[in-house]
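Asks: The structure's right below; bear with me while I get my questions together.
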Amino acid sequence: FLYYESVMKALFLYFGYFPEHSGVYKKIQSQIKSLERSGFETVLFGSQNEQGDMFIGDTIIGPRMSLRKIGQQVAFFTKIVTLINDYKISFIYYRFNGAANPYEYIFFSRLKKMGIKMVMEIPTYPYDGEIASKNGIYYLDKLCRIPMAKKFDYVVTFSDLARIFGQKTINISNGIDFNAVPLKNNIEVRSHELNLLGVANLTSWHGYDRIICGLSEYYNTANNDVKVKLHLVTGLENDCVMELKQLVSRLKLERYVYFHGELHGKALDKLFDEAQVAIGSLGRHRNNITQLKTLKNVEYAARGIPFIYSEINEDFDDASYVMRIKADDSPVNIPSIIEFYQHIQASPINIRASIASLSWDNQIEKVVNKVFNR
């Protein structure tokens, strides 16, 4: 990784909150560490805490009020501009939350006039299909996102698109901090048993109902000698989790599908050790996304476990330890998963080694080199 002679200071900015144990929070912290190793003297983190107060570094700015309160919005962003001036920030990495508005447009316009280099990461694109409620915030975003994108030097995307919202892109992959992800240990299981594992804060586009319906079809046939079990680490209980539990009950699959709720640390590591195949997203087509480089797939590979998904992902489509299924709502063919697993030869350490280029250091270096012409 390149180190640059520089006294530049950077700010990773996000208008929102993620719990510290969440995958996205850990991803952001890995990105910040990689920005620091790319040559910035200081990289500040700006986000919201659990109480809803915005902070930058050690400075609490306060809560962000309703968009209708013009004076408070102006005061809120003025405080941030003042802090950016005080810290002499020269580069901003902004994680876009999919809710552009006039205040943010004016804010980033001011920063552009100050000569600050800026990139805007769009975690998922297109994202309109993920928005359940087409309310005022949605229509404000549609109005403001294109002019706001023009205030940035580049849009950072995990797709292969050359432009988003009319702005030039930097194409990267979701990366990984290998020090933060343990390699799975293969625990010996009975030859006629296969454990599948899905880990996600569940929404409909994860498509885990396809696996459950596939299990129902499988156990309703005579040729079901291999006992296939599905373990779901679902995060917090929500409508999607409840619907899946009802589906399992209706199909009488309680002996084969297990809901583990929210797990972290050694408890989660144990499930990975006991599983043979992991399940990625199987329903991205439901929000009109066909191509995506998801963080979850990278995490699975870093663990060293084979996995399944349905979208197009150039980082993994040709990997021998990956099974890509149809992007539709059909039940997943369980015998095909059994056959896939029986022919895998890659060990956990070999799977992990295959994604060495996907470290966050390598991905962030692409961004910094592009922005600063290095």
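The values are calculated or read from the model by the stated rules, or taken from the named source; none is laboratory data. Worth saying up front: this structure is predicted, and the values here are computed from it rather than measured. Cβ: placed from backbone, ideal geometry, glycine included. Neighbour counts: every protein chain shown. Note: areas computed on protein heavy atoms with side chains; ligands, DNA, RNA excluded. Shrake-Rupley method; radii C 1.70, N 1.55, O 1.52, S 1.80 Å.
Asks: Which residue, 305, 212, 349, has the most motion in a Gaussian network model of the chain that connects Cα atoms within less than 10 Å?
Replies: 349
Asks: Calculate, in nm to one decimal, what residue 314 and residue 133 gain on full extension: separation in residues at 0.36 nm each, minus their alpha carbon distance.
Replies: 62.0 nm
Asks: Could you do me a favour and compute the accessible area per residue for the stretch 106-159, 1.4 Å probe, result in Å²?
Replies: Averaged over the residues of the stretch 106-159, the accessible area is 45 Å².
Asks: In terms of modelled amide H atoms, which long-range or inter-chain residues lie less than 5 Å from the amide H of residue 230?
Replies: 196, 257, 258
Asks: Enter the angle in degrees (range 0 to 90, nearest 10) between the Cα long axis of helix 265-274 and the first principal axis of the Cα atoms of the chain, meaning the one along which they spread out most.
Replies: That works out to roughly 40 degrees.
Asks: Could I ask something else about it? With an 8 Å Cα cut-off and a minimum separation of 6 or more residues, compute the relative contact order for the chain in percent.
Replies: Reported as a whole number, the value is 16 percent.
Asks: Please list 3J(HN,Hα) in residue order for the stretch 311-326, calculated via the Karplus relation 6.51 cos²θ - 1.76 cosθ + 1.60 where θ = phi - 60°; whole Hz, with x for glycine and proline.
Replies: Once θ is set to phi - 60°, the couplings for the stretch 311-326 become 7, 7, 9, 4, 5, 10, 4, 9, 6, 5, 9, 10, 10, 9, 10, 4 Hz.
Asks: Probe radius 1.4 Å, ligands and nucleic acids ignored: give me the carbon and sulfur share of the accessible area of the stretch 307-374 as a rounded percent.
Replies: Answer for the stretch 307-374: carbon and sulfur cover 46 percent of the accessible area.
Asks: I would also like to ask the following. At a 1.4 Å probe, what is the % contribution of carbon and sulfur to the accessible area of the stretch 155-283?
Replies: In the stretch 155-283, the share of accessible area belonging to carbon and sulfur is 51 percent.
Asks: Same structure again: Helix 136-149 against the longest principal axis of the chain: what's the angle in degrees, Cα atoms only, rounded to the nearest 10?
Replies: 70 degrees
Asks: Here's another thing I want to ask about it. Round to the nearest 10 and give me the degree value, 0 to 90, for the angle of helix 208-219's Cα axis relative to the longest principal axis of the chain.
Replies: With both axes taken from Cα atoms, the answer is about 0 degrees.
Asks: With all protein chains present, how much of the accessible area of the stretch 50-98 (probe radius 1.4 Å) comes from carbon and sulfur, to the nearest whole percent?
Replies: So the carbon and sulfur contribution to the accessible surface is 53 percent.
Asks: Amide H to amide H under 5 Å from residue 312: which residues, 5+ apart in sequence or cross-chain, H placed 1.01 Å off N in plane?
Replies: 291, 292
Asks: How much accessible area per residue does the stretch 5-54 have, in Å², with a 1.4 Å probe? Mind dumping the intermediate values first?
Replies: Numbers: 2190 Å² over 50 residues.
The answer is 44 Å² per residue.
Asks: Net charge within 14 Å of residue 313 by Cβ-Cβ distance, Lys/Arg positive one each and Asp/Glu negative one each, not counting residue 313 itself?
Replies: In short, -3.
Asks: Can you tally the net charge around residue 95? Count Lys and Arg as +1, Asp and Glu as -1, for every other residue whose Cβ sits under 13 Å from the Cβ of residue 95. Walk me through the numbers before you get to the answer.
Replies: On the way: positive: 27; negative: 104, 121.
Its environment carries a net charge of -1.
Asks: Let me ask something else. Would you mind calculating the gained length between residue 7 and residue 238 on full extension (0.36 nm times residue separation, minus the Cα-Cα distance), in nm to one decimal?
Replies: 78.6 nm
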